[in-house]
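One structure is given here, and the rest of the page talks about it.
Bear in mind that the values in this text are calculations on the coordinates, not laboratory data. Keep in mind it's a predicted model, so treat the numbers as computed, not measured. Here Cβ is always computed from backbone atoms with ideal geometry, including for glycine, and neighbour counts include all displayed protein chains.
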Amino acid sequence: MSQAAPLGAVILWTALWCLLHSLLVTHRWRDLVRRLFPRWHAFSRALYVLFSAATLAVLLVWLRSLPERLLWDWTGPWALARWLGLAEAAILFFAGARAHDNRYFLGLSQMRDCAAGREPADPPFRAEGILGVIRHPWYAGTLLLLVFVLPWTDVNLAWRGVFLVYTLIGCELEERKLLGEIGEPYAE
């Protein structure tokens, strides 16, 4: 008899990761780091990215170690739908990576500016390329990835649900933040 996966723990730990990931990227956290460590705050984005990646890797390794019960797999003609969904996610991630300032996203620009004695500047607002078609290609790619990446099991249905809700809420919060920061150009 196989042991059932602790779905409550899956949901809890996934939700806690999402909460921590969101809290550490807020303006309040950034301002707190800037006040407490004025000489070192330029490193905070790079540290955030490293911390997020490392803790996500730990979470995913734990999730993959849990016993799972297969609910549905992408077999037969559904395999084509899966690969088309994954291809669309890859296109959105690639187009988003070309449209965004990846050095800034990773914190490398901030560290470079700090080393040169300059205050790190935010990248300019852009509305060309994929950003002229869809405002959040990485969020859209993430949603597709959550649907198509693996066969559906009891365990990954639990964490997928949390990440789905997290991504949708994150997209809405990002919309509000960008509308407040950029205003009319963003609304257009």
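May I ask for the distance between the Cα centers of region 89-117 and region 1-76, given as a whole number of Å?
20 Å
What FRET efficiency, computed as 1/(1 + (r/R0)^6) with R0 = 35 Å and r the Cβ-Cβ distance, is obtained for W152 and F51, rounded to the nearest 0.05? All intermediate terms of the calculation are to be shown ahead of the outcome.
Working: r = 30 Å, r/R0 = 0.85.
The value I calculate is 0.75.
Compute the long axis of helix 44-65 from its Cα atoms, compare it with the longest principal axis of the Cα atoms of the chain, and write down the angle in degrees, 0 to 90, nearest 10.
So the helix axis and the longest Cα principal axis differ by about 10 degrees.
So how much slack lies between E128 and A90, counting 0.36 nm per residue of separation and subtracting their Cα-Cα distance, in nm? Provide the component values of the computation, followed by the final result.
Numbers: separation 38, 0.36 × 38 = 13.68 nm, distance 1.91 nm.
Contour length minus Cα-Cα distance gives 11.8 nm.
Would you compute, from DSSP H runs of 4+ residues alone, the mean residue ellipticity of the chain at 222 nm, taking -39500 (n - 2.57) per run and dividing by the full residue count, rounded to the nearest 500?
Details: 9 runs with 130 residues, N = 188.
So the calculated ellipticity at 222 nm is -22500 deg cm²/dmol.
Between helix 7-23 and the chain, what is the angle of the helix's C-alpha long axis to the longest principal axis, kept within 0 to 90° and rounded to the nearest 10?
The answer is roughly 10 degrees.
Between I182 and D113, what is the label-to-label distance in nm when each label sits 7 Å out along the Cα-to-Cβ direction?
Going by the 7 Å Cα→Cβ label model, 1.7 nm.
Do any GluC sites (Glu not before Pro) in region 113-177 lie in a loop, going by DSSP, with at most 15 other beta-carbon atoms within 10 Å of their beta carbon, and if so which?
Values: sites: E128, E172, E174, E175; in loops: E128.
For GluC sites (Glu not before Pro) across region 113-177 that sit outside H, G, I, E and B with at most 15 neighbouring Cβ atoms in 10 Å, the list reads E128.
Which FRET efficiency value, to the nearest 0.05, do you get for R69 and A15 by plugging their Cβ-Cβ distance into 1/(1 + (r/R0)^6) with R0 = 25 Å?
On the way: r = 21 Å, r/R0 = 0.85.
Efficiency at R0 = 25 Å is approximately 0.70.
Got the relative contact order for region 7-187 handy, in percent, Cα pairs under 8 Å and 6 or more residues apart?
On the way: 145 pairs, mean separation 57.8, N = 181.
Across region 7-187, relative contact order equals 32 percent.
Under 10 Å, Cα contacts only: if you run a Gaussian network model on the chain, which one of A46, A79, A95 comes out with the highest mean-square fluctuation?
Its mean-square fluctuation being the largest, the pick is A79.
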